[in-house]
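Below is one structure, written out as structure tokens, with a few remarks after it.
Read-outs throughout are calculated quantities, based only on the coordinates presented, and are distinct from any laboratory measurement. All figures in this text were calculated on a predicted structure; none of them were measured in a lab. Cβ: placed from backbone, ideal geometry, glycine included. Neighbour counts: every protein chain shown.
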Amino acid sequence: MFTRAICRKPGLNFSHGLTTVQGGKPDYARMMAQHDAYVDTLQKLGLQVEVLEPLGEFPDAYFVEDAAIMTAEVAIVTRPGAKARRGEAAAMEPTLAKHRPLARIEAPGKLDGGDVLIIGRHALIGISERSNPEGASMLGEILEERGYTWTAVPVAEGLHFKSSVNWLGGKNLIVTEDFAGMDELEDFRQIVVDPAETYAANVLWINGTLIVPAGFPKTRKKLEALGLPILSLDTSEARLMDGGLTCMSLRF
Ligand code: CIR
């Protein structure tokens, strides 16, 4: 169960962040309203949320999940795969250090938190454009020292592993077709999203409630079968920046 979250407000320059989406320029006022609703929802679900100020030089810094990984024992400061985002990790350190001892991913390791899904005492670590095998091994070692096991998972599609695979509680995962049936995920039951709704795989589990991106009815219907409460949030602006629900907070 989570009791806290760290978020960061998007800055005025948030639309200058990295993106592969060709859907037009995101709107600042809409982004802020959607971010406020996101923070509000986490609070309503009982989390104490610390909202950090924007980091001027780093327009993607509100995707806080990529800069760190939180476990019950340690906060791991990542080394983001995109050079333009690398400074975000060090900027998180003072905040993280209030809650956990720190460990760090060091060069030549590269790792984005968006590639890391920890379920109980097991970590699935995506090897993607942003996270390399060295980064995965460094994180794996830090976790092993604390009693976790881990598996590396190749991420051939999507920006990050969690763009395509997320936990739904128990033994349930939501996955895109590209990840369905993968050996690395064989211990889990899988809900496979319709190919027209791949973005909807970015579901955020908060203490038994599923937060889903608005506008994906087929996926919502599949998730309803789990019998968990479902809340939906509009993420249209973050989506234009290749981001979604899981990226905008660190939960612990
Ligand atoms: C980036 O390309 O790094 C950001 N614009 C989006 C990061 C999204 N983060 C995530 O999926 N964990």
In the structure displayed, which of Lys9/Lys83; Lys25/Lys221; Lys44/Lys218; Lys9/Lys162; Lys83/Lys162 lie more than 23 Å apart, Cα to Cα? Lys25/Lys221; Lys44/Lys218
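Taking neighbour counts of Cβ atoms within 10 Å as a proxy for exposure, in what order, fewest first, do Ser249, Ser131, Ser137 appear?
Arranged by neighbour count, lowest to highest, Ser249, Ser131, Ser137 become Ser137, Ser249, Ser131.
Run the dipole for region 111-252 about the Cα centre, Lys and Arg Cβ at +1, Asp and Glu Cβ at -1, nothing else charged, and hand back the magnitude in debye, nearest 20.
Magnitude of the dipole: close to 660 debye.
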Protection-proxy order for peptides 229-241, 57-69, each taking the mean of Cβ atoms within 10 Å per residue, highest first: 57-69, 229-241
Can you tell me the Rg and the Dmax, both Å, for the Cα atoms in the chain? 16.6, 45
Relative contact order (%) - the chain, alpha-carbon pairs under 8 angstrom, separation at least six: 22
Estimated dipole of the chain in Debye, rounded to 20 [Cβ of Lys and Arg +1, of Asp and Glu -1, Cα centre]: 560
Centroid-to-centroid separation of region 174-252 and region 45-77 [C-alpha atoms, Å]: 20
Sort Tyr28, Tyr38 by Cβ crowding within 10 Å, fewest neighbours at the top. Tyr28, Tyr38
Chain lengthening between Ala82 and Asp27 when straightened (0.36 nm per residue, less Cα-Cα): 17.4 nm
Once every DSSP H run of n ≥ 4 in the chain is given -39500 (n - 2.57) and the sum is divided by its residues, what mean residue ellipticity at 222 nm do you get, rounded to the nearest 500 deg cm²/dmol? -6500 deg cm²/dmol
Residues with amide H under 5 Å from that of Ala68, placed H, sequence gap 5 or more: Thr78, Gly113
